[in-house]
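Data block below; observations after.
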Amino acid sequence: MLNLSNRGCPLGVSRVTSSVYVCGAHALPGAVKALHPRLIVSAAPELPPPPEDYVPRHFVPLLDTPNSDIYPFMERVADLINEVVANGEVVLVHCVAGVSRSVTLCLAYLVKWQKMTLRDAYHHMKQRRYEIQ
């Protein structure tokens with residue numbers, strides 16, 4: 001199925017809004033080169049340190065386990081995303097697979113700053129990133 005909302009995105013990257021993108025680790029190098037983000041939100045502490053690409057990063061130290069609690073990170077990350085977006089710049093949010101932690105942080109942004117209901121935000125994300133959980 002063709003997803004027109006992601007037209008022009010690097011392979012493996014999904015457009016959440018005109019300034020917010022989400023991906024998994026496999027797509028990260030290409031996404032950084034293509035999108036020139038002002039901020040990368042990395043919710044993948046299990047990955048090795050990033051290359052020296054000089055893009056500011058916000059690290060979310062949350063492993064993808066059943067007992068992990070993402071709630072304490074959601075508001076701060078949503079606010080950081082909004083600060084960058086308000087300046088007209090791009091944010092790239094990623095985790096290992098790009099289907100749970102990164103998507104949840106994007107949902108927090110959509111609910112808080114785009115004033116979507118959680119249901120609407122989820123459907124918005126699902127339309128753009130079919131593989132989300």
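Every read-out reported here was derived from the displayed coordinates using simple, explicitly stated rules and does not represent laboratory data. Because the structure is predicted, anything quoted here is derived from the model rather than measured. A quick note on method: Cβ atoms are made from the backbone with ideal geometry, for glycine too, and the neighbour counts reach across all protein chains shown.
When both bridge partners sit in the chain, DSSP labels roughly 20% of those beta bridges antiparallel. Remark: spin-label model distance LYS33-GLU52 equals 1.9 nm, labels positioned 7 Å along the Cα→Cβ axis. Straightening the chain between GLN114 and SER18 buys 33.3 nm, computed as 0.36 nm per residue apart minus the Cα-Cα spacing.
Note on LYS112: aspartates and glutamates with a C-alpha under 17 Å away, same-chain residues under 8 apart excluded, are GLU75, ASP79, GLU83, ASP120. Taking the empirical scaling 2.2 N^0.38 Å for compact globular proteins as reference, the stretch 35-90 has a Cα radius of gyration ratio of 1.23.
Across the stretch 58-67, rounded Karplus estimates of 3J(HN,Hα) from the backbone phi angles (6.51 cos²θ - 1.76 cosθ + 1.60, θ = phi - 60°) give 10, 9, 9, x, 10, 6, 8, 10, x, 8 Hz, Gly and Pro being marked x. Distance between Cα centroids, the stretch 15-65 to the stretch 86-133: provide it in whole Å. The stretch 15-65 and the stretch 86-133 have Cα centres separated by 14 Å. How big, in percent, is the set of alpha carbon pairs in the stretch 4-128 lying more than 26 Å apart? So the pairs more than 26 Å apart make up 11 percent of the total in the stretch 4-128.
Rounded to the nearest 20, the Cβ-based charge dipole of the chain about its Cα centre (Lys and Arg +1, Asp and Glu -1) stands at 460 debye. Among the chymotrypsin sites (Phe, Trp or Tyr not before Pro) found in the stretch 1-74, those both in a DSSP coil and sparsely packed, with 16 or fewer other Cβ atoms within 10 Å of their Cβ, are TYR54.
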